[in-house]
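For reference, the structure is listed below as structure tokens.
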Amino acid sequence: MCFRFLLISFLFFTSIVPVFSQGIRGRITNEQNEAVPFANIYIPQLSTGTTSNIDGNYELKLPEGKWDILFQYLGYQTQTIALTIGKTFQEINIRLITQDYRIPEIKVMASGEDPAYYIMRRAIALAPYYQKQVSKYSCKVYLKGSGVFEKIPFVLKKQMKKGNVKVNEPFVMETVSQIDFELPDKVNQKVLAMRSSGQQNNTSPMGMITNNLYDADKYGIVSPVGKSALKVYNFRLDGVFEDQGRTINKIKVIPKIKGSDVFSGYIYIADGFWNIHSADLNMHVTMTDVKVHQMYAEVNKNTWMPVSLDFDMDFSGLGLKIKYKYVASISEYKTTLNPALDHSFIEKQKKQQIQEQQIFEQIAEETRQVEQQREANSKEQKRIAELMEKKELSNRETVKLSRLIETEAKRNSPPEPLEIKSSFQVSQKQVNNDTAYWATLRPIPLTDKEKISFSKKDSFLLVSSTPEYKDSIRDSRRKFKIKQLLFGKTYNYSVDSIRKFEYLSIPKLTDPTSLSFNSVDGLRLELPFSYSISDSTGHSLRLNPHFAYAFARKKLDASFSYSQRLNGLTNSWISASVGSTTEDFNRFSGLPTMTNDFYTLWLEENYNRFYRRDFLQLSASRDLSNGLNLNATIEYSDNSQLANHSSYSFIKYTDKEIHPNVPANNSLETWQLENHQSFIGRFVLEYTPHHRYRIRNHTKVYAESKFPTYSLVYKGAFSDVFGSDSRYDLLQLGIRQKINFGISDQFSYRANVGKFLNNNRLYFEDFRHFNTQSTGFMFSPYDNSFRLLPFYQYSTGKQFAEVQAELQSRRLIVKQLPLIRNASISEKLFVNYLATPEIRNYVEVGYGINNIFLLLNVEAVAGFENGKFRSSAIRVSMNLP
């Protein structure tokens with residue numbers, strides 16, 4: 001089971017050790033002689049270390065010499081021992097003593113506020129500094145993931161058995177990688193070795209641990225030191241202790257509102273420096289409890305980086321019960337301080353720490369020194385210094401200081417590059433190395449159960465490496481069986497060695513979505529086939545035959561589409577399609593099929609209106625420059641009226657009937673529904689400024705942009721070309737954008753204005769249709785739609801202006817209420833605007849609650865025309881595709 005989305009939430013670093021024939025090994029226990037799992041063993045002089053396993057056993061290979069070795073874990077006092085390492089391994093067993101926390105004599109704030117807020121305001125304010133303190137680093141990473149299925153539902157047992165997964169049998173994955181990171185987001189990962197006790201090697205978590213708690217906000221998790229922390233968390237100082245000459249504050253993290261985007265537990269902050277010392281946090285996402293332990297260390301002078309990580313995931317739901325644990329070890333950190341930041345205050349804080357033993361005492365000795373430096377500082381640096389000197393910071397000053405530091409870093413940094421550079425290198429030589437090789441490489445000893453798991457994998461590898469086994473696997477991916485006509489199949493013809501990816505999919509007749517029902521076709525069966533092939537040079541080809549049969553009309557529809565990417569770096573595509581089909585007049589934003597089926601069959605209300613379309617379409621698209629794309633399409637179609645062929649519904653109502661297949665529109669003339677031919681050209685130019693991208697397999701993949709996308713659309717029909725009857729010209733301008741702010745909060749908008757420059761022969765399917773979804777219930781969300789306008793009624797052949805804006809938040813109104821503040825819901829406010837000659841200054845405003853029981857959405861919406869109330873309603877939808 002894939003936990004990728006959970007792993008992204010934690011965002012941490014880690015690493016491993018070089019190979020030597022000597023070092024230390026032993027067991028770490030507590031005062032009750034119980035194992036201390038995942039304790040950190042660290043050597044500051046070498047910037048290297050390891051972690052004990054779940055049984056408390058550890059092994060660390062070291063070069064010869066004299067070294068100071070630190071043994072530490074959350075809740076225990078750090079022990080430092082000096083050892084001389086010779087040419088053999090030494091047995092060093094460590095007994096950690098429980099940490100004694102003391103409550104110091106703290107000057108209580110005048111407001112009676114807990115002293116934790118004094119500490120956390122400074123930690124939050126300085127978080128941007130520590131987030132960007134290092135502009136470049138490299139390290140080695142050893143990551144071990146181990147898990148066990150404690151319960152598997154009956155329906156999955158057969159599938160799990162094929163994957164060699166059994167109840168209470170552990171599965172293990174190990175990876176060793178070299179990580180190189182450079183601001184803002186350049187990451188190179190080279191896999192040095194990987195091994196798995198399962199049938200597949202999964203190294204994806206490596207890319208998810210190249211960040212830390214300072215970056216959690218980027219991924220929708222509210223970090224205790226993030227910008228929104230003071231709004232989301234309460235803090236309590238539970239004690240302080242001394243560790244390696246520094247005073248460490250133990251801060252209780254208490255979410256004001258529980259949810260899947262918040263932590264609870266403890267964070268430990270170094271006094272005076274206000275950086276993270278360690279963290280012991282919990283969180284809960286859907287059906288999963290997660291525990292996170294992380295420790296930082298001074299890997300270089302005044303540079304703190306994560307040096308150990310372990311987290312537990314306990315999933316229980318849908319009949320499954322899984323326990324999974326990740327643990328990581330670090331070595332060979334090499335860091336470069338960010339030249340865009342002023343690092344001098346760290347030294348000042350260090351001097352202060354030496355001079356003053358009491359917490360929260362005002363800096364007096366250094367004030368004159370700071371004043372002397374101000375003349376040479378920038379305006380931002382002066383303001384940063386002023387705020388740093390303040391004895392107390394308000395919440396507003398905390399946010400301001402954080403923004404000033406972030407602004408100062410951006411001002412002195414080079415422009416953000418367009419390309420987001422990252423790489424992932426692995427070859428088959430690094431996969432499934434033998435047991436002897438891993439014994440020299442692995443810094444964390446395996447447990448007995450893990451050894452058994454790998455021994456079973458080694459036995460499997462002996463079998464799977466035979467030609468007969470490989471042939472059987474290849475045949476199972478490609479062999480045709482009669483039953484696949486009923487249940488569907490995706491055939492895999494890929495060749496990994498040359499990075500060619502080739503697939504053929506046939507539909508399954510048992511898929512409920514292959515059947516639909518409408519008043520024109522009656523029961524309709526859809527059979528989509530697909531074939532695709534791509535390679536590592538950026539080329540790809542897609543073929544999509546599509547067949548459908550309308551039982552009431554006794555008509556077979558067939559279409560075929562071809563698309564090919566010629567150049568991945570310029571996103572150059574050509575495509576062609578031909579066929580015949582039943583189309584909704586509102587082709588691109590009509591009522592979804594499943595919802596129309598439901599209303600037709602159960603409520604005797606048919607909303608969609610259809611016509612027959614026989615067509616040939618050719619199109620091409622290409623990036624003219626970065627973020628600037630041109631798409632050109634020409635199309636010839638023969639369009640015909642269709643009548644209802646079925647009035648069937650499960651329930652017959654005395655006050656309802658199936659309506660004729662004629663759209664209701666006040667400006668519609670009879671001839672605009674007649675049979676006709678059309679020759680149409682469409683040109684779309686879209687531009688997104690400073691659109692960042694990644695290169696994957698010689699293909700440019702655009703990232704989500706923080707800038708708006710502008711569009712210019714021309715669509716025209718030309719009469720007397722291949723017998724075309726249509727003649728019109730449409731020009732449209734548009735803008736759309738999504739803005740992420742806060743934690744999982746998003747504001748999105750889109751606006752389009754346009755006009756038919758001429759509409760001499762404009763048929764109804766070419767009107768400007770709008771996304772109107774006026775049914776009380778839908779199987780999919782109502783996003784970006786007009787909830788109260790009737791279908792087709794205000795489609796126009798003249799000018800128009802439409803705007804949709806929506807604010808989504810996990811904490812807006814109802815999440816403040818005690819009874820539902822812990823529910824996994826989100827809220828939204830939305831406003832829609834439409835103006836056409838048929839309806840002027842129409843506005844919809846509404847409020848909605850999403851993800852009720854993860855499935856339902858409920859909205860209240862009201863409509864106004866020219867400032868006067870028009871209608872209101874409650875809308876309910878589900879989160880189905």
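Quick one: give the max-minus-min coordinate of the C-alpha atoms of the range 213-268 along each principal axis, largest first, in Å.
In descending order, the Cα extents are 35, 21, 15 Å.
I'd like the per residue volume of the convex hull spanned by the Cα atoms of the range 642-764, given in cubic angstrom.
Spelled out: Cα convex hull of the range 642-764, divided by residues, is 284 Å³.
Say each of residue 502 and residue 690 gets a label point 7 Å from the Cα, pointing the same way as Cα to Cβ; how far apart are those two points in nm?
Taking the two extended label points, one gets 4.5 nm.
Any idea what log10 I(q)/I(0) is at q = 0.13, 0.14, 0.22, 0.28 Å⁻¹ for the range 552-602, Debye with uniform C-alpha scatterers and no solvent?
Evaluating at q = 0.13, 0.14, 0.22, 0.28 Å⁻¹ gives log10 I(q)/I(0) of -0.58, -0.64, -0.97, -1.07.
Cα-Cα over 21 Å: which of 250/291; 258/291; 140/321?
140/321
Considering Cα pairs under 8 angstrom that are at least six residues apart, work out the relative contact order of the range 650-762 and quote it in whole percent.
Answer for the range 650-762 is 21 percent.
Can you tell me the equivalent ellipsoid semi-axes for the range 486-542? Use √(5λ) from the Cα gyration tensor, largest first, whole Å.
Values for the range 486-542, descending: 33, 13, 5 Å.
May I ask you to compute the full-extension gain from residue 396 to residue 721, defined as 0.36 nm times their residue separation minus their alpha-carbon distance, rounded to one decimal in nm?
110.4 nm is the gain from fully extending residue 396 to residue 721.
Averaged per residue, what accessible area in Å² does the range 776-881 show with a 1.4 Å probe, protein chains only?
Each residue of the range 776-881 exposes 45 Å² on average to a 1.4 Å probe.
With only alpha-carbon atoms counted, please give the Rg and Dmax of the range 733-881, in Å.
Answer for the range 733-881, Rg first and Dmax second: 16.9, 61 Å.
Cross-link list 400/706; 136/256; 252/400; 190/706: which exceed 26 angstrom alpha carbon to alpha carbon?
Exceeds cut-off: 136/256; 190/706.
The values are calculated or read from the model by the stated rules, or taken from the named source; none is laboratory data. Every value quoted in this text rests on a predicted model; they were computed, and no experiment measured them. Counting neighbours? That spans all protein chains shown, and the Cβs are built from the backbone with ideal geometry, glycine included. For accessibility, only protein heavy atoms count, side chains too; no ligands or nucleic acids. Shrake-Rupley method; radii C 1.70, N 1.55, O 1.52, S 1.80 Å.
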